[in-house]
Amino acid sequence: MTFYRLYKFFSNFSSKNSQWVSFVLFFALFFFSALVYNLLSPLKRTIIMYIPGAGSEALMYLKPLFITPISLILTYLYLNLSSTYSQRIVFRIFIAVFGVYFISYTVLFAPYREYFALHGLADLLEKAFSTHLRFHVIIPLVRYWMDTLFYVMAELWGSTMVSLLIWGAVNQSMTISAAKNQYVFFTLGVNTSAIVAGALSVLFGSWCHGSDESHWIQFTHITMFVVCCFLILTLVLYEFLSNKKWIITQEELPSHKSLSAERPKYTLVQAIKHVYQHPRLLAIAVIVLSYNTLYTLSDFIFSSRVEMFFGAHEKIHSNSFLAKVSLATGCFAIVLALIVYPIVMRKGGWKYTALLTPFIFVGSAIVFYLMQSFELYHFAFAIYVGGSSTITLMTGAIHIALLRAAKYSVFDATKEQAYVGLPLSDQINGKAVIDAIGSRFGKSLGSYIIFILFSIFGSQVSSIFPYVILSGVLMVLYWIHSILVLDRACHSNVNQMDNAQHLVAVHS
């Protein structure tokens, strides 16, 4: 009944002026879906960091051991479902999967976590890995599997629902020229959601009272209730936009019947191979891989700093701080989207706009990594500057906020523009591999780098820090090179499309 009333409300609201209402509803679609992710982001991180025996080091193992395999499974399901059902049905299936687990975690798994914990299996693993201290943080992740799966599902909401399904549907409905003008405004929904999510998390924390554990339970329940509400709103808006034909999937194109017979049905392995052999898709994949690898490297250093600053039992204050970082992310993102992006896109085009994100990473990373170096190696600056730990934490927060803001406002907009103009099969299968698998593999690659460095140089952050910087420099250079390659490929594609349109006009 609630679903029907919401749908009727949007239907009556849009009947007067469909053009501007469609823009508002697209904005709302990205806002609601991204708000779910941004509300879950500090929550999932805090849950993992404060699992007994885990800590920030556990984040390094989550990506390669849990997130990447499950993202492969979801991508496999997506490719198979897409070959059988319409995109609307696929969207409903995926949003139901996420919604069912989020509700189950809130009302069942989290309150009775000790009952569902795999103590027997974890104890066996503890004995098996007793001589391998490096793997000790895996044991609590297995013991409290429900928390681990919550982190995975919260992380995959962004790559599967927002990047793959929502952006994918929008890409199929846009031309190249429309994408350049409108995508930055769509990202405003994502940017605004980061501010709202940060403010809501701080507000929810102020509503909760009692002991630390009681406070945390109340906060989790309030947050998850709001998450589920916005999840439902996301589904309502997607259905409404699809019915109004403002979202046009490949099933609704006039030529779908002829195209569907010719469009190859890729398996997961074939889709990955196709991306590897397609120069334009491969360049997009490298860009996505580079961003996520660099983000993971910086995020690990920052998470270690957060854990060191707040200690092992300050779950509430740590979550509140991370929520404020999310709020700052939204503020930075809006400035980038409304001021920086339009100026650079108008004067420099796609190439220089795409280069903004690696340049932002380099500029903010230099400050954060310098402060981290001063404190780790006890340079004179750390001795004479009071509160160096706080300064390092703040520079790290600014670095992470700027990097995420650049992704929301600049990186996503330029990346999605690179898909526009590709054949439908390339868009569907390419996005499935790149956004669902490539982004997770990039984060896993960052974790592998940290793991290898720990194995070689020791378990202290100070021992691997110089090599993290070296890895980051190499990845940035590879990222910039791929942007230049993709720019040439996009220019070639646009010229071909213009020539084709000119020939059609001449013959007509």
(message) Restricting to the range 420-432, name every residue that is surrounded by fewer than 24 Cβ atoms within 10 Å (Cβ to Cβ) and either within 16 Å of residue 488 (Cα to Cα) or within 15 Å of the chain's Cα centre (by Cα) (or both).
(response) 420, 421, 422
(message) So, in the range 201-218, how many residues would count as being surrounded by 15 or more Cβ atoms within 10 Å (Cβ to Cβ) and assigned to a loop (DSSP other than H, G, I, E, B)?
(response) 1
(request) Look at the range 414-469 and say how many of its residues are within 21 Å of residue 58 (Cα to Cα), without any contact (Cβ under 8 Å) to a residue 24 or more places away in the chain and not small (Gly, Ala, Ser). (result) 7
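Quick check: anything in the range 70-93 basic (Lys, Arg), closer than 16 Å to residue 148 by Cα and either out of contact with any Ser or Thr (no Cβ under 6 Å at 6 or more places or on another chain) or buried (at least 20 other Cβ atoms within 10 Å of the Cβ) (or both)?
No; the residues of the range 70-93 include none that is basic (Lys, Arg), closer than 16 Å to residue 148 by Cα and either out of contact with any Ser or Thr (no Cβ under 6 Å at 6 or more places or on another chain) or buried (at least 20 other Cβ atoms within 10 Å of the Cβ) (or both).
Can you tell me which residue within the range 433-471, out of those that are hydroxyl-bearing (Ser, Thr, Tyr) and more than 18 Å from the chain's Cα centre (by Cα), is surrounded by the most Cβ atoms within 10 Å (Cβ to Cβ)? Full working, then the answer.
Here is the first cut: in the range 433-471, the ones hydroxyl-bearing (Ser, Thr, Tyr) are 439, 444, 447-448, 455, 459, 462-463, 467, 471.
Checking the rest, the ones that are also more than 18 Å from the chain's Cα centre (by Cα) come to 448, 455, 459, 462-463, 467, 471.
On the way: 448: 16, 455: 11, 459: 11, 462: 14, 463: 14, 467: 15, 471: 20.
Filtering first and then ranking leaves 471.
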(message) Any residue that is in contact with a Leu (Cβ under 6 Å, 6 or more places away or on another chain), assigned to a helix (DSSP H, G or I) and either surrounded by fewer than 14 Cβ atoms within 10 Å (Cβ to Cβ) or among the small types (Gly, Ala, Ser) (or both) - is there at least one of those in the range 94-106?
(response) yes
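Give the range 280-321 a look and list any residue that's aliphatic (A, V, I, L, M) and within 28 Å of residue 426 (Cα to Cα), or say none.
Within the range 280-321, 281, 282, 283, 284, 285, 286, 287, 288, 289, 294 qualify.
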(request) Identify the residue in the range 268-282 that is among the β-branched types (Val, Ile, Thr) and either surrounded by 13 or more Cβ atoms within 10 Å (Cβ to Cβ) or in contact with a strand residue (DSSP E or B) (Cβ under 6 Å, 6 or more places away or on another chain) (or both) and, among all such residues, is modelled with the highest pLDDT. (result) 275
(request) Give the residue, chosen from 420, 410, 494, that is at pLDDT 85 or above and more than 27 Å from residue 70 (Cα to Cα). (result) 410
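The values are calculated or read from the model by the stated rules, or taken from the named source; none is laboratory data. Small disclaimer: the values here were computed from a predicted structure and weren't measured. Positions of Cβ are generated from backbone atoms using ideal geometry, with glycine treated the same way; all protein chains shown enter the neighbour counts.
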